[in-house]
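A quick write-up on the structure given underneath.
The values are calculated or read from the model by the stated rules, or taken from the named source; none is laboratory data. Computed from a predicted model, the values in this text were never measured in an experiment. Positions of Cβ are generated from backbone atoms using ideal geometry, with glycine treated the same way; all protein chains shown enter the neighbour counts.
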Amino acid sequence: MKRLYKVELATKLADRVYEYWIHAPQVAHHARAGQFLILRLHETGERIPLTISAVRGDAVRVIFMAVGKTTQELATLRAGDSIKDVAGPLGKPSEIGKYGTCCVIGGGVGIASTPLIAKELKEAGNHVIGIIGARSADLLILEDEMRAICDELYITTDDGSKGVHGFASDALKGLLNERTIDRVWIIGPAIMMKVTSGVTVPYGVKTYVSLNPIMVDGTGMCGSCRVTVGGETKFACVDGPEFDAHQVDFAELMQRQRIYTSQEKVLLERFAEHQCRCGEGGHHHG
């Protein structure tokens, strides 16, 4: 019997941002902070890596933004629908230890990765500070959840519609000037990780970034997630996804992210045409 992975709950959290709980016991029972899974919607679907955001019983949570063809198709699923393949957990877990005061920072959809890291750091006996930032208040996700896990939570918005008017990097700088922070984790868009990790350099604070956004096949075979870390070539999917932020070549990373822009655009246009022909949302696989 072929096994299908059921979507137990599907919720829209913000504009184009969705939260899915998927029944996948083999992933749920082994998942650790920082790891990801790969899903494939149907036989002809592409495989996409998504961070494991939370675990509950036999289910795992993923949060994604519907931007490319596959994430847009994924966003059409509802509770009760099935996904053909879910593989994981993949990647190396976060380096959790008892460090003292730790700061976990999420930007945009990157906030999805923060609860599991914050939770494990808290369980390891750390004082955990969370900083979550988004362009505006309506794009902010998981605020209540992070508030419940962290000892302190700071919110930033680019437009000042909630919390501190500014960026996560500003909030981090303020904290570093006030007190000692022993470890920092940053997950978000590449430019946000670059700028924010730059803030910790003069303080000599060990800082990790998660390079999930550049992964394609998640097994090290496609080579599209090659990154230079400390002058050496690494693969985000098998050597990471977490790396020492101060060793990552962000210029190369951001250039690499633009490689597939034209192909993604073509696929997206084709998918949109297909959706129109089938009647919006009327075509479900699985």
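Things to note:
- Within region 74-97, being of a type outside the set (A, V, I, L, M, F, W, C) and in contact with a helix residue (DSSP H, G or I) (Cβ under 9 Å, 6 or more places away or on another chain) holds for Thr76, Gly88, Pro89, Gly91, Lys92, Pro93, Ser94, Gly97.
- In region 37-66, the qualifying residues are those that are charged (D, E, K, R) and over 19 Å from the mean Cα position of the chain (by Cα), and the one that is modelled with the highest pLDDT is Asp58.
- Residue within region 137-150 that is touching a Leu at 6+ places or on another chain (Cβ under 7 Å) and assigned to a helix (DSSP H, G or I) present: yes
- When the residues of region 151-180 are filtered to those that are among the β-branched types (Val, Ile, Thr) and not in a loop (DSSP other than H, G, I, E, B), the one that is surrounded by the most Cβ atoms within 10 Å (Cβ to Cβ) is Thr156.
- Residue count, region 223-261 (criterion: modelled with pLDDT of 85 or more, out of contact with any helix residue (DSSP H, G or I) (no Cβ under 7 Å at 6 or more places or on another chain) and not charged (D, E, K, R)): 4
- Some residue of region 67-86 being modelled with pLDDT under 95 and closer than 29 Å to Asp170 by Cβ: yes
- Count - residues of region 1-55 that are over 17 Å from Gly240 (Cβ atoms), without any contact (Cβ under 8 Å) to a residue 60 or more places away in the chain and buried (at least 21 other Cβ atoms within 10 Å of the Cβ): 4
- Every condition in (1) within 21 Å of the chain's Cα centre (by Cα); (2) on the phi < 0 side of the Ramachandran plot; (3) buried (at least 20 other Cβ atoms within 10 Å of the Cβ) is met by Gly108 except one, and the failing one is (2).
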